[in-house]
Structures are given as structure tokens and as C-alpha cells.
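Let me begin by presenting the structure, written as C-alpha cells, before commenting on it.
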Amino acid sequence: MTETTIITREGATATLAEDAVVAFEQELRGSLLTPDDEGYSEATLIWNGMVEKTPALVVQPTGTADVVAAVKFAREHDLLLSVKGGGHNIAGTALADGGLTIDMSTLRGVVVDTEARTVTAQAGCILGDVDRETQLHGLALPLGFVSETGIAGLTLGGGFGYLTRRFGWAVDNLQSVEIVTADGAVRQASSDSEPDLFWGVRGAGANLGVVTSFTYRLHDVGPTVYGGLIAWPFDRVDDVAATYQELTATAPRELTVFMMFRRAPAAPFVPPEWHGKHICAMAVCYSGDLDETDEVLAPIRALGDPIVDLLQAQPYTQLQSYLDATQPKGNHYYWKTEFAADLSDELVDTMGKLALESPIPGAQMVMAHIGGALNDHDADDGVVGNRDAHFAYGAAGMWEPNDPKEEAYKQWVRDAWAEFQPFSTGGNYINFQTMDEDDERIRATYGGNFDRLLEIKARYDPDNVFRTNRNVRAIAAPEDLTGGTDHTAGTGGRPEHA
């Protein structure tokens, strides 16, 4: 091995001496990979194929000690640092060109404590890992709706899924974390220990350190729930949308329904004559008393004559994974999303119009009902905020790699965003931000919690070691900070720990 070319935290090109890298490798129990090593390509493969980056070094830790060593090494050598969990984040900042990436995917232990009704999961876990273990005991927590999503990125940005209406954001169910902060210290953060750090972790954790494990509170759910996908021709959109608006205004919290306008995929469950045609669909999860299913879903059933009806009693783990195939790894993804306080006729009409106008075959206009338990909390209960959100909605673009229309597709999503953004609460979901969104989007995410978050960031990471993310330090004025050097160059602030 010769000298290794790296990118510093300030974005400059530098070199690492061979003996420094060798000494670092000897300190680790896990693997240290370079671009020439077997396993490197797999370690740097992430879900959004639009993002291609080449870290100079990749650490695959076997435990917390390796994470500590990696953080200290990156700090000592002023090396750009990123953290990869499940690698499912749309902005793709699990990787850093020329930097050091900590690939947490080797850490996938899950321990369920049925007496305490908690689960502790390592940061490399995906949703399916946790759901599989907790459902052995008929327990669950709100963790997204695609089983291949990493729990770390989802949780550190707030996290929502089919159970959010019952139990709030994922971070509303977080009891504690083990986290390695910028000084290399291993800390246990909870409401009783390092409470300010824990407050910041709950929605902006990627800015504050490397979380190595999460402990969550569990709830009685499953193992059998009722749900799936149901769809109608788009010419029935008025009836379907009106039913959805009424249903979401009155539904019990055990029922979550997402509505989507899109072209029907060429999937085995879709009649061939409908492939590529516009449809309106609902993704349904009812986790309440199964004896009441008919009554709860009566408004949906009353619509009649669906072209696809996959609604059935099924294991919760199956429901959590049935959308996986709609988001294949390696495709190119580009989204713009917002939160809404209500689902007005104007918003629904705008989303329907845009669905018909979209030139992107794989695009979806999505409206996800999340209102319920998350609204019961105070606005400053965790930095995650957005306690006025009842719907998450937006344009989700998807296409295959090397599509010559990619730039036109991205521009269409941006133009669509300009049309539906006026219906927003003003807040948005940090995990759905793309790499090209400006710094004010970060500030809008945290709203009135932003200034306190800045103070905590300055205390625990004064040199902005954790900057390969949607970086709160990058948009702070120097006078806003209490210590350290104001490093603002480099990534422009994009989400990490995907």
C-alpha cells in the first residue's frame, strides 16, 4: 500500500501515509477496505443508484470499539467521515468521496426483552431484522413500511410507518441509544442520561455522532394484521379521493391508509391490460381487532370494482415487506415531499393533475396519513418536531440507470414540487430530502427547535466532525455557535447514516 489520497473535512485533497493506514488497520478487529479490495464494491453499494461515490477507506466494525477507533482516526487526520447503516437513504450520504465510511451493516444483533417490552437493535439492522424478532412475541414499533430500510437512518431522522398513527414517530418510542460522539467517547443517552444529547438524537442524530445501538419501547401488534394494496381505474379518482378524505378524517388510529396516484406497474398481480395505465391505489394496514375489519374497511369496500385487490389477513412482517419490490435497489430515485395539516380538495386535485401530467413512467404522487399519536406530543418533545403534520405527501420519481431523460425527469419533479408546496405546513421530513435541497429546508425541518439543536451540536461536535449529512452547522452563522472552528465547506449539508 502506498500513500492514500483522501478528502479532508474542509474539502481539500490530501494524503495519508502508508504507516498511518497500516497502524489503523491493526487497531481494528473488523475489516478495513480500499477500492482495490474484495468486498469494497458491496460495502459501497447503496439503494439510490443515482449516487455513486468512492470512499478512500471503508471500516466494517465488529463492535463499538472499532467505531471509536474510526471516529478518532478520522478526527486525527481531518478525514471526511460518513456512516452507512442500511444504505436506503435517498440522498445517498452514507458515502463520502475520498473519505472514511463506517459501514455498520455487519452489526445486526437484535435482543427482545419481553418482560421490559423493549428491543435493543444494533445500527446495521434493517427494518425486517427488527420486525422478525419482535413479531415472535406479537410486538412491534413504528418502523417504516419497506423492510430493507435501515433502522438507524430512519430513526435518527424521526421515522414514520404504518404504526405511526397509533404510536407516534419512531423516536417517540426510543428509550435510549449508545452513541460515539466526536471526541471518541461512548455515551449512553436517554431522557435521564445526557438528556440534551438524547433530545437532539431524536430527529437530528446524524449530526451528533455514530449511534451503535437503539433501545425502543414495544407495543402489542400482530402477528396477524389486515391490509395490502387495492387499486381502481384513475377515472374513478373523484370517488376514491372523496372516500379517502372522509376515511382519514374519522378512522381509528389502528387504521393507516396511504393513497397513491401512478401508472400501474407491470407486476404479476396487475391484470396485463392495466399495465402502464393510470390508477389510484391505497396501501392499507389495519392493526386493530380483526373481528372489526369489515366495519373499519367498509368505506373502502363500498367503492367496489377494484382492478387490484390484495387486501387480506396476513403476517405483519409480510405487510411490512410487500412494497419492497416497488423500490428496487439500484434504480435512480428523486423525490420532493412536504407535510400537510389536512387533505384539502385543492391539494388532492393538484396531486391528481400532476399524476396525469407526469412523464416519468415510475413516478408516484403519494399522500400518507400519519396524523394521530405524533400530534399528542409537545412541539419541543425531541428535535423532530412537526407535531402539526397529519399527512406526508409528495412526488416520488423513479427510473432505471442510464435513462437519457434523467435531467428532464428531475426537473419535472422540481416543477411539480412548486405546485404542491403551497399546501405544506412549512415543515418537512429530513429523511426524504435530496442532496440538492438548500439549507433553509434543514432549518424548516426543525422549525422552532433549530436554535436549541445548534447549541447541542456546538457542545458535542464543535469541529463539525459529523458533517456528511443534512448539516445544521453548515447553515449557522459563527455568532450562533458557542465553540470550535466554523467549518462550513465540504458537503453542503446532506443526510448521513442512511
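For this structure, a couple of remarks:
- Under 5 Å between amide hydrogens, built in the peptide plane, is the criterion, and for W335 it picks out G397 among residues at least 5 positions away or on other chains.
- Apportionment of accessible area to carbon and sulfur, the chain, percent (1.4 Å): 47
- Cβ-Cβ FRET estimate between Q312 and D235, R0 fixed at 25 Å, reported to 0.05: 0.45
- For the stretch 39-143: accessible area per residue (Å², 1.4 Å): 31
- The mean sequence separation of alpha-carbon pairs under 8 Å and at least six residues apart, normalised by the residue count of the stretch 302-419, gives a relative contact order of 34 percent.
- Peptides ranked, highest mean first, by Cβ atoms within 10 Å: ranges 387-393, 197-203, 245-251: 197-203, 387-393, 245-251
- Overall form of the stretch 271-350 per C-alpha gyration tensor (a/c, 1.5; a/b vs b/c): rounded
- Counting Lys and Arg as +1 and Asp and Glu as -1 over every other residue whose Cβ lies under 15 Å from the Cβ of K410, the net charge comes to -4.
- For the chain: lysine pairs under 20 Å (alpha-carbon distance), excluding those fewer than 8 apart on one chain: 13
- Distant-in-sequence amide contacts of V308, defined by a placed amide H-H separation under 5 Å and a gap of 5 or more residues or a different chain, comprise A231.
- At a probe radius of 1.4 angstrom, the accessible area of the stretch 248-288 per residue rounds to 38 square angstrom.
- Taking 0.36 nm per residue of separation and subtracting the Cα-Cα distance, full extension of the segment from D436 to S344 would add 30.3 nm.
- Residues whose amide H comes within less than 5 Å of that of G63, counting only those at least five positions distant or on another chain, are absent (H built at 1.01 Å from N in the peptide plane).
- Per-residue ellipticity at 222 nm, computed for the chain from helices alone with -39500 (n - 2.57) per DSSP H run of at least four residues, works out to -7000 deg cm²/dmol.
- Modelled spin-label separation between A17 and L356, with each label point placed 7 Å from Cα along the Cα-to-Cβ direction: 6.9 nm.
- Listed values for the stretch 67-72 are Karplus-derived 3J(HN,Hα) couplings in whole Hz (6.51 cos²θ - 1.76 cosθ + 1.60, θ = phi - 60°), namely 5, 4, 4, 5, 5, 5, and x replaces Gly and Pro.
- Stretched out straight at 0.36 nm per residue, the stretch from R452 to T114 would grow longer than its current Cα-Cα span by 118.1 nm.
- Spin-label model distance (nm) - T250 vs E407, 7 Å beyond Cα toward Cβ: 5.2
- Förster radius 35 Å - calculated FRET efficiency between V186 and N331 (Cβ-Cβ, nearest 0.05): 0.40
- Cβ-derived FRET efficiency at R0 51 Å, D291 paired with R75, nearest 0.05: 0.35
- In a fully extended conformation the segment linking A302 and T106 would gain 65.8 nm over its present Cα-Cα distance, using 0.36 nm per residue.
- Accessible area expressed per residue, the stretch 352-453, with surrounding protein chains retained (probe 1.4 Å, Å²): 40
- Rounded if a/c under 1.5, otherwise prolate or oblate - the stretch 37-127, Cα gyration tensor axes: oblate
The values are calculated or read from the model by the stated rules, or taken from the named source; none is laboratory data. Keep in mind the model is a prediction, meaning the values are calculated, not measured. Because the Cβ atoms are built from the backbone with ideal geometry, glycine has one as well, and the counts that use them run over all protein chains shown. Each accessible area value is taken on the protein alone, full model and side chains, heavy atoms only, with ligands, DNA and RNA left out. Shrake-Rupley method; radii C 1.70, N 1.55, O 1.52, S 1.80 Å.
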